[in-house]
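Presented below is the structure to which this report refers.
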Amino acid sequence: MQLTSFTDYGLRALIYLASLPEGQQTNITDVTNTYGLSRNHMVKIINQLSRAGYVAATRGKNGGIRLGMPPRQIVIGDVVRKMEPLQLVDCASCSINPACRLKRALHDAVQRFLQELDSYTLADLVEGNTPLYEIILSSSPVDINIK
């Protein structure tokens, strides 16, 4: 299974935000510069993460983005469920649909994939990850304290 780039960069944006000191705000430009993405694409990603409660976005002069909840509460499987279109194949117009067992096999595979991702939180991906903090620090003007 391959995640869409939308979900991939959504997870990367969360990793970036979780690497910042607790409560620290940044901006979308810093995130896009780190990953070499278009700002427009990241705006859409952050918007969806914000609607799901994973990112808190503040508008205005002193605005910015930060995590909307503690990293321990952000389950990776849940993020993927909210960001990813999880239908692997379109069975509706297939002539063998009434007798096909492939759709069940694919459904079961997706559920096992998500079950594995449910065993990880955002904190599992970032806590104590000094090389990650150093990479984020070198690509961002934000003062990051290594946790």
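The values are calculated or read from the model by the stated rules, or taken from the named source; none is laboratory data. Given the structure is predicted, the values throughout are model-derived calculations rather than measurements. Reconstructed Cβ throughout: ideal geometry from the backbone, glycine too, with neighbour counts over all protein chains shown. These area figures cover heavy atoms from the full protein model, side chains too; ligands, DNA and RNA do not enter into them. Shrake-Rupley method; radii C 1.70, N 1.55, O 1.52, S 1.80 Å.
A few remarks follow.
- Residues of region 75-88 that turn out to be open to solvent by 60 Å² or more (accessible area, probe 1.4 Å) and either over 13 Å from Phe113 (Cα atoms) or part of a loop (DSSP other than H, G, I, E, B) (or both), as a count: 4
- Ile15 passes every criterion in (1) within 21 Å of Thr130 (Cα to Cα); (2) part of a helix (DSSP H, G or I); (3) open to solvent by less than 30 Å² (accessible area, probe 1.4 Å) apart from (3).
- Pairing each residue of region 31-59 that is at negative phi and among the small types (Gly, Ala, Ser) with any residue that is assigned to a helix (DSSP H, G or I) and surrounded by 14 or more Cβ atoms within 10 Å (Cβ to Cβ), provided the two are 6+ apart or on different chains, yields C-beta distances under 6 Å for Ala52/Lys82; Ala57/Ser50.
- The criterion of being modelled with pLDDT of 95 or more, out of contact with any Ser or Thr (no Cβ under 8 Å at 6 or more places or on another chain) and open to solvent by 40 Å² or more (accessible area, probe 1.4 Å) holds for Tyr9.
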